[in-house]
Amino acid sequence: MNRILASFFLLAVGTASTPAQTAAPAVTVARWPQDRVAAISLTFDDGINTHLDFVGPILKKHHLNGTFFVTTGMGPWEKRKPEWKQLAEQGNELANHTVHHPCLLAQIKPHSQDYTPAMMEAEIKDAAQQITQLLNSHRGLTFAYPCGNMSFGKPQDEVAKRCLVPSLRFRKFHRRQRRGNGQSAGSRPTKRFGDWRPGPNRG
């Protein structure tokens with residue numbers, strides 16, 4: 001009888017303590033500045049002249065900022081770097097849209113169907129280097145896929161190569177940047193939202 005009572009007592013104690021052990025953790029919600037209910041991201045692709053001539057001044061007039069995905073092999077970037085830097089200094093983000101804008105669309109050249117992994121890596125890495133050098137910055141960069149194409153190579157290879165693009169975006173360039181920030185090449189990357197965001201699906 002004593003054994004039965006002892007067993008019942010232990011079972012009751014264990015049952016009573018279970019809710020405390022399985023209680024859901026407290027959840028906190030990060031609010032937008034000034035308790036806004038939502039946020040809108042203004043993005044502009046390709047880095048063209050109208051971004052500097054019209055978009056930048058309009059944003060400044062209305063006290064807004066945007067993200068400009070620049071293609072660094074195009075004339076507007078190469079010929080107007082001081083103005084792009086000034087745009088960034090005004091609070092706008094300059095982001096990576098590759099060097100030459102390779103695309104799977106037939107009417108746009110270069111065609112990314114002709115690209116190898118090494119060529120695509122160079123497109124992403126070289127553009128990132130140019131942007132960070134202009135801004136004298138070592139932070140991660142937001143990236144937008146040209147034409148929204150998340151793959152490259154021949155049609156029969158596109159599915160297999162689709163998974164390569166995120167790793168190409170990060171692999172070599174960001175390892176060098178982390179070393180510049182005092183982190184080892186093999187350290188775990190900092191979880192910056194901007195490092196991995198794919199960007200819009202157009203442009």
Residues meeting the amide H criterion for L94 (H placed from the backbone, H to H distance under 5 Å, 5 or more places apart or on another chain) are F68
Label zone at N136, where the point sits 7 Å out along the Cα-to-Cβ direction: segment 45-79 residues whose backbone N lies under 15 Å: none
Students often get this wrong, so check it: of K60/K109; K61/K125; K61/K85; K60/K85; K61/K109, which have C-alpha atoms separated by over 24 Å? K60/K109; K61/K125; K61/K109
Calc'd 3J(HN,Hα), segment 80-96, phi into Karplus 6.51 cos²θ - 1.76 cosθ + 1.60 (θ = phi - 60°), Hz, glycine/Pro = x, comes to 10, 4, x, 6, 5, 5, 4, 4, 5, 5, 7, x, 7, 9, 9, 10, 8
Distant-in-sequence amide H partners of T71 (H built 1.01 Å from N, under 5 Å): D46, G47
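Read the figures in this text as sums done on the coordinates, not as results from a lab. Computed from a predicted model, the values in this text were never measured in an experiment. Here the Cβ is made from the backbone with ideal geometry for all residues, glycine too, and neighbour counts use every protein chain on show.
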